[in-house]
Amino acid sequence: MKPNVDAVVFDLDATLINLGGFVEWRKAHEDIVRTYLEHGCDEKNVEACSAKGLFTMLEEMYDINAAAHGESRAVEIQEAAYYVLSGYEETGSQRCTKMTGCVEALEWVKGTGIPMGICTSNSQTSAEKTLRQEGLAHYFKAVVGRTTRHRMKPHPDQLIECYRILGVKPSRGAFVGDSHKDVIAGKAVGSYTIAVPVYFNRVEKILEAGVDRIIDSLAELPQALLEI
């Protein structure tokens, strides 16, 4: 049997790969705060954004810098911040591991002939490196990671780009991730959303985001896709 979708797009970290468990996020956060300050960003703005967490800081500081210094300068500053974070991610990728059932799920989807993509908030470089390292790159026709060209999830920009590369309408795709941000992005473009929450994700936030299906592990993905 073949699922009633034309593409399956996956988040990467904590969905297919445990990368985040090996990234020194606190040090990365501290270094990125320093990077913003070294680039002349207002200290009060940096402190306020930093208190909301690393990825929220990245998102909000871009908007603040664009308003204060213009788009081109905001991109320049953001690329410097992303460069720092990418270094930490690439170091962590040297120790990363596959999530349980990852290969089996990908093999099953591959067997249906449905194309697959990756849409991740990890950097483009670290995502591609990790996929090659873990022997998974050949499964994916499209990999869209963190760059200054597209806003990160929960904004739908990256997901739209991934579907564009795949040549599939978002409404004909399924997006599989671990967090409420994945669900929000997927629902924004009309995709069917499947969540595989890990221990640090709040299931209630995933439900509030309007997820279509929650599964306990990737072992349940084939059945979930068949029931769309």
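Values as computed for the structure displayed
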item	result
Boolean, Gly210 is in contact with a strand residue (DSSP E or B) (Cβ under 8 Å, 6 or more places away or on another chain), at positive phi and of a type in the set (Gly, Ala, Ser)	yes
Residue within region 212-221 that is more than 16 Å from the chain's Cα centre (by Cα) and buried (at least 23 other Cβ atoms within 10 Å of the Cβ) present	yes
Members of region 111-130 that are in contact (Cβ under 8 Å) with a residue 40 or more places away in the chain, surrounded by 17 or more Cβ atoms within 10 Å (Cβ to Cβ) and farther than 23 Å from Tyr62 by Cα	Ile114, Pro115, Met116, Gly117, Ile118, Thr130
Contacts under 7 angstrom Cβ, first residue in region 139-167 being over 18 Å from Tyr83 (Cβ atoms), partner buried (at least 19 other Cβ atoms within 10 Å of the Cβ) and among the basic types (Lys, Arg), 6 or more apart	Lys153/Lys181; Pro154/Lys181
Single residue of region 168-203 satisfying the filter (more than 11 Å from Phe10 (Cβ to Cβ) and of a type in the set (D, E, K, R)) that is nearest to the chain's Cα centre (by Cα)	Lys181
Residue count, region 107-157 (criterion: part of a loop (DSSP other than H, G, I, E, B), touching a Lys or Arg at 6+ places or on another chain (Cβ under 8 Å) and among the small types (Gly, Ala, Ser))	1
Any chance Ser191 is in contact (Cβ under 8 Å) with a residue 40 or more places away in the chain and either outside the structural domain of Glu104 (by TED's automatic domain parsing) or among the polar types (S, T, N, Q) (or both)	yes
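The values are calculated or read from the model by the stated rules, or taken from the named source; none is laboratory data. This is a predicted model, so every value here is computed, not measured. Positions of Cβ are backbone-derived with ideal geometry, glycine not excepted, and every protein chain shown enters the neighbour counts.
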